[in-house]
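A short write-up of the structure that comes next.
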Amino acid sequence: MSKLGNLGARLHRGEIGYDFVKNRKIWYGLSILITIVAIVGLAVRGLNMGIEFQGGAVFNTPKNTSVSVAKAEEYAEEASGHDAIVQKLGDGSLRIQVAGIDTGAANKIKTTLADDFKIDSEQINAELVGPSWGEQIANKAWQGLGIFMVLVVIYLAIAFEWRMAVAAFVALIHDITITVGIYALVGFEVTPGTVIGLLTILGYSLYDTVVVFDSLKEQTKDITKQTRWTYSDIANRSINSTLVRSINTTVVALLPVAGLLFIGGGVLGAGMLNDISLSLFVGLAAGAYSSIFIATPLVADLKEREPQMKALKKRVLAKRAQKDEPSQAEAADAPYAGEPEDAAPAVVGPRNQPASRSRGRGRPSGKRR
């Protein structure tokens, strides 16, 4: 078995583990800090909305255009009187976006750009985009997001309980806020692909969270009938038992997305891949983080406010305190002082027989002669 597989097996059996729930205040603080940075970036810089949401025109030049991106941006802004976004594509062509212009202005800009680039105007492909289409896409996205959130909360409340539904909802909002904030800070263009990416990451984030919740639900059955573990203890064991699985699924999902973002968008210059790949990359990472460090610890916080769980925690801590301070009678049985209640005896079955025979050594057998 590989080292990672052996580690996963030991985590699943509870032989080792990290106390995620105990250090939850650290994770809460880190998430709040990241969220504040994302909100500030969104408020200060705002989102770079694509032409699909603003309306305007897109001009595509022929392959291997000799004009640089900076020069093309200068030409486009002079011809249109508006800010222009220029991207160099993998085949050497240029994609020029100018927002807020109509059909008549687009034709004039096309002719002016052809003169500046010293090419025929027919070689420049112009596409006009109306703002109403982008507005419809945005409205549909918000509707889809709202319906998704409502259905998720209802399903989790029925399948698990309302506390888990609230924790999952908070984790999803956490993931969306961070992803949108990163978009604002990086300055990538928001396109319909970005909206698709945002809706996609919600499913990944929810999957990791439900895996942990399912393990937690299974392990907390009849929890009040024992006095060894608190709810937080079992929540922590649930995280550790599914930790390697969550890491593996997240890494496998991130690898192709990283290829799109860093190789496709960065090395090959396919800028149109950046919009969806960045949202997927940030969202998948944030989703894995929130399912481990936010959702489950938050459930433990909410659950341990119940009177039953408070009473259970009190009993567990009292019993642990008694074990930490053994009486004189317990001290005589020192080898067994630290054993759990359900541990198997140190010696059982036939192994006791040699011990019984050894007690007769050096003494008469008791038989009469």
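Would you mind giving the average projected area, over all directions, of the Cα convex hull of region 22-84 in nm² with one decimal?
Values: hull surface 31.0 nm².
Spelled out: convex hull of the Cα atoms, projected over all directions, averaged, 7.7 nm².
So what's Rg/Rh here for region 181-316, counting alpha carbon atoms and using the Kirkwood radius for Rh?
Values: Rg = 19.3 Å, Rh = 16.8 Å.
That ratio is 1.15, to two decimals.
Rounded to whole Hz and in sequence order, give me ³J(HN,Hα) for region 176-183 from the Karplus expression 6.51 cos²θ - 1.76 cosθ + 1.60, θ = phi - 60°, writing x for Gly and Pro.
5, 4, 5, 5, 5, x, 4, 4
Residue by residue through region 189-194, what is 3J(HN,Hα) from phi via Karplus (6.51 cos²θ - 1.76 cosθ + 1.60, θ = phi - 60°)? Round to whole Hz and write x for glycine and proline.
Result, rounded to whole Hz: 6, 8, 10, x, x, 5.
Through the Karplus equation 6.51 cos²θ - 1.76 cosθ + 1.60, θ set to phi - 60°, convert the phi angles of region 212-228 into ³J(HN,Hα) values in whole Hz; use x for Gly and Pro.
These are the phi-based 3J(HN,Hα) values: 5, 4, 5, 5, 5, 4, 5, 7, 9, 5, 6, 5, 6, 8, 10, 10, 9 Hz.
Going by amide H atoms built from the backbone, whose H comes under 5 Å of the H on V129, apart from near neighbours?
Those lying under 5 Å, H to H, from V129 are G56, A57, V58.
If you average over every viewing direction, what projected area does the convex hull of the Cα atoms of region 55-170 give, in nm²? Please report the intermediate quantities before stating the final value.
Numbers: hull surface 39.8 nm².
Mean projected area for region 55-170: 9.9 nm², to one decimal.
Report in % the part of the accessible area of region 183-294 that belongs to carbon and sulfur, leaving out ligands and nucleic acids; probe 1.4 Å.
Working: 3190 of 4540 Å².
Heavy-atom surface of region 183-294 belonging to carbon and sulfur, 1.4 Å probe: 70 percent.
Rounded to the nearest 0.05, what FRET efficiency is calculated for V252 and D19 with R0 set to 35 Å and r the Cβ-Cβ distance? Working shown, then result.
Values: r = 27 Å, r/R0 = 0.77.
Efficiency for this residue pair is about 0.85.
At 1.4 Å probe radius, can you tell me the per residue accessible area of region 112-167 in Å²?
Working: 3560 Å² over 56 residues.
Each residue of region 112-167 exposes 64 Å² on average to a 1.4 Å probe.
Once both labels are modelled 7 Å past Cα along the beta-carbon direction, what's the K217-S66 spacing in nm?
For K217 paired with S66, the spin-label model returns 6.7 nm.
Tell me, in nm to one decimal, what length is gained between N139 and R228 on full extension, where the rule is 0.36 nm per residue of separation less the Cα-Cα distance?
26.9 nm
The values are calculated or read from the model by the stated rules, or taken from the named source; none is laboratory data. What you see is a predicted model; the values in this text were computed from it and never measured. Methodologically, a virtual Cβ is constructed for each residue, glycine included, from the backbone with ideal geometry; neighbour enumeration extends over all protein chains shown. Side chains included, ligands, DNA and RNA excluded: accessible areas come from the protein's heavy atoms. Shrake-Rupley method; radii C 1.70, N 1.55, O 1.52, S 1.80 Å.
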